[in-house]
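First up is the structure itself, then whatever we jot down about it.
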């Protein structure tokens, strides 16, 4: 084993040779001593600085490594590999401009240096210069055609170019060359998940973990896949395995924050996001997920700041952050600022389909030659080159555009295809949903609903229930304009309180009074912090119609307002919107009509058994015809004095997170009434399922079986009992996209 003594006289080459030998033998202290002796004799000697830089990098001292290599690369004559190494270190630090300069220096010094072109391609990829990155990595493949990593890196760039067919080809080529490449398996998993091929993606992610149990990205990709499949136990398992060997890795904290946000565990999600930022203050993804959580919490200004910070930081999330900011300004009703923000995205990312989709609901299309329409038509024509979620969203946006233009044929060509693609991505059993609603009605029968009532119970909650797009947002906006009413939006609070009991809602009907009161207190504990001193809090989760009987039992002084609208107009609005939540019944006309029938039957039951002083119905057409009369009736029902502010609801600056955000910013109008008749020819499956007289065909008027024909509720709750088939009624622009892995 090599040794050295301070008293020895060595030439510079001899000292450097021994230093390298010590480093290779794991004797870092001796190697460093020799390098510093060289530098004492020849300040800024590049070979000594390069070795010190490699040693610093190996021990996690990235700043020192960059300083050493930066000085080395300023020497008049330096090996190209030194500049290539500096490029990679700068990239790891997020210094993309410096990384690009170093990589360009490397390939200028040696045009045949594979590592130089590879590092330049990766840096350009992360900087968003995808065409240049693609050219660099094509050169790497040409120089080393049998190097699996070259194809993996080229696949990453193709994926970011949204050339998914090519990306998959390159990943599979990498695996053909090296079947044990955990990196290629992990990246293929990520690609497959963006295309909705979740089962295949899960297999690839697990294969990557088996090959390299310490590959962080493989666990993150697996968690993403399982979250998309709504298998949250599997999400926590993947993240717990990651945390076991990387307990302080910011990506694990970010991934956990995302999953907690999806489960509406917002306080825990916020904690995780802040922990990620404490670990990595300049991590764009951590700022981005923090912004999303703050947005969900209604902290609009803080969320805008976090989106702005994410957009300023290096990496691939700038587009996502700019999109998030634009969407939030849209929710806040700042129409001009929102339109400017959507344009900011397109200025920075020309042709961004996500930006065009996002602003489609903010504007009205008046010209068939509109450039946005042309861009979206080109996008959907490219097919599977693009992510499934954005293709689906683009179809819905085109449907909306052509509806604006009155072109029903084109509108429904896109809406039908968008709904078909979305429906193919999940399982849904219409008959099971109907049977479940039947069991709910039978569990909360007239005898059970006639139980004693606690008059001392809280009168804070006001539930606005109904089908999505039945007028719930308008009702909430009118009531929230009253100075004693807080509009809280679509809250998951009741569903979460129910889920915490581990029983289906029909089983909760048999709980004793004290257990029901505890459930009510659980709900209030989640809602009271939102009141801000108001006498009433409006929870306008439409799907709470499933829980109306439970509400009357566990919150006996709560008010319930059922929003009612023409069935076909309601269903058309559902069919033409892409929802953020699990509204699985809306993506097939027949299933949508069947669900409406089941809902109608359940509401007929609630009409019979709910206390008349705690349940009223508001007809959308009646509200449009006489907004003052119906508004006064609702305010009186809440037990509050009248306030004229309720008639100026369109001036209320509160954030609105539904598809109706643009409508509630305007005085009331009736243009949407009966609009389905213009499109009756395209709605025949829906009309038939509803049993509507305008349906064609002999079986048109045969609606689904009525709830009363279903059997008695099961003796025991089962884990397969369906959950509420819609936890929110909020349409959305597509997710801005997952952060690609390397």
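The values are calculated or read from the model by the stated rules, or taken from the named source; none is laboratory data. These numbers were taken from a predicted model, which means no experiment stands behind them. Note that each Cβ is placed from the backbone with ideal geometry, even for glycine, and that neighbours are counted across all protein chains shown.
Pairs meeting the criteria (first residue in the stretch 244-268 and at positive phi and modelled with pLDDT under 90, second residue in a helix (DSSP H, G or I) and buried (at least 17 other Cβ atoms within 10 Å of the Cβ), beta carbons under 7 Å, at least 6 apart or on different chains) are lacking.
Of note, residue 529 satisfies the criterion of being over 16 Å from residue 423 (Cα atoms) and free of Cβ contacts under 8 Å to residues at least 12 places away in the same chain. Number of residues in the stretch 330-344 that are within 16 Å of residue 357 (Cβ to Cβ) and buried (at least 16 other Cβ atoms within 10 Å of the Cβ) equals 7.
Can you say whether residue 553 is closer than 25 Å to residue 571 by Cβ, in contact (Cβ under 8 Å) with a residue 40 or more places away in the chain and in a helix (DSSP H, G or I), as far as the supplied structure shows? No.
Scanning the stretch 194-213 for residues being in contact with a helix residue (DSSP H, G or I) (Cβ under 6 Å, 6 or more places away or on another chain), part of a loop (DSSP other than H, G, I, E, B) and more than 20 Å from residue 388 (Cα to Cα) gives a total of 1. Out of 448, 439, one residue alone is more than 15 Å from residue 537 (Cα to Cα), at pLDDT 95 or above and part of a helix (DSSP H, G or I). It is 439.
Between 558, 497, the distinction of being in contact with a helix residue (DSSP H, G or I) (Cβ under 6 Å, 6 or more places away or on another chain), at negative phi and at pLDDT 95 or above belongs to 558 only. Checked against the criterion of being touching a helix residue (DSSP H, G or I) at 6+ places or on another chain (Cβ under 8 Å) and surrounded by fewer than 17 Cβ atoms within 10 Å (Cβ to Cβ), the candidates 262, 295 yield just one match: 262.
Would you call residue 406 in a loop (DSSP other than H, G, I, E, B) and more than 28 Å from residue 488 (Cβ to Cβ)? Criteria met by residue 406. Quick check: is even one residue across the stretch 606-619 in a helix (DSSP H, G or I) and surrounded by fewer than 14 Cβ atoms within 10 Å (Cβ to Cβ)? Looking for residues that are in a helix (DSSP H, G or I) and surrounded by fewer than 14 Cβ atoms within 10 Å (Cβ to Cβ), one finds at least one in the stretch 606-619, hence yes.
So for the stretch 86-109 (the condition being assigned to a loop (DSSP other than H, G, I, E, B) and touching a residue at least 40 places away in the same chain (Cβ under 8 Å)), does at least one residue qualify? Looking for residues that are assigned to a loop (DSSP other than H, G, I, E, B) and touching a residue at least 40 places away in the same chain (Cβ under 8 Å), one finds at least one in the stretch 86-109, hence yes.
Would you say residue 534 is touching a strand residue (DSSP E or B) at 6+ places or on another chain (Cβ under 6 Å), surrounded by fewer than 21 Cβ atoms within 10 Å (Cβ to Cβ) and not in a helix (DSSP H, G or I)? Here the answer is yes, as residue 534 does meet what is asked.
For the stretch 298-313, filtering for residues that are surrounded by 24 or more Cβ atoms within 10 Å (Cβ to Cβ) and under 16 Å from residue 271 (Cβ atoms) leaves 1. Applying the criterion of at least 1 residues that are more than 20 Å from residue 323 (Cα to Cα) to the helices (runs of 4 or more DSSP H) found wholly in the stretch 234-301 leaves 250-262, 266-279.
Scanning the stretch 451-469 for residues that are in a loop (DSSP other than H, G, I, E, B) and touching a helix residue (DSSP H, G or I) at 6+ places or on another chain (Cβ under 8 Å) turns up 451, 452, 454, 457, 458, 460, 466, 467, 468, 469. Return a yes/no flag: does the stretch 229-247 have any residue that is closer than 23 Å to residue 344 by Cβ and surrounded by fewer than 24 Cβ atoms within 10 Å (Cβ to Cβ). No; the residues of the stretch 229-247 include none that is closer than 23 Å to residue 344 by Cβ and surrounded by fewer than 24 Cβ atoms within 10 Å (Cβ to Cβ). For residue 596, the stated conditions do not hold, so it cannot be described as under 29 Å from residue 444 (Cα atoms) and modelled with pLDDT under 95. Residues of the stretch 417-434 that are assigned to a helix (DSSP H, G or I), in contact (Cβ under 8 Å) with a residue 60 or more places away in the chain and farther than 18 Å from residue 595 by Cα: 418 alone.
Just checking, which of 648, 680, 670 is modelled with pLDDT under 65 and more than 32 Å from the chain's Cα centre (by Cα)? It would help to see each step written out before you state the result.
Numbers: 648 fails: modelled with pLDDT under 65; 680 fails: modelled with pLDDT under 65.
That would be 670, the only listed residue that is modelled with pLDDT under 65 and more than 32 Å from the chain's Cα centre (by Cα).
Of everything in the stretch 486-509 that is in a helix (DSSP H, G or I) and touching a strand residue (DSSP E or B) at 6+ places or on another chain (Cβ under 9 Å), the residue that is surrounded by the fewest Cβ atoms within 10 Å (Cβ to Cβ) is 493.
Check off (1) outside any helix (DSSP H, G or I); (2) over 49 Å from the mean Cα position of the chain (by Cα); (3) buried (at least 18 other Cβ atoms within 10 Å of the Cβ) for residue 78 and give me the number that stays unchecked. Every condition holds for residue 78 apart from (2). The stretch 315-378 holds helices (runs of 4 or more DSSP H) entirely within its bounds, and those carrying 2 or more residues that are touching a helix residue (DSSP H, G or I) at 6+ places or on another chain (Cβ under 8 Å), farther than 23 Å from residue 282 by Cα and touching a residue at least 40 places away in the same chain (Cβ under 8 Å) map to 318-331, 353-360.
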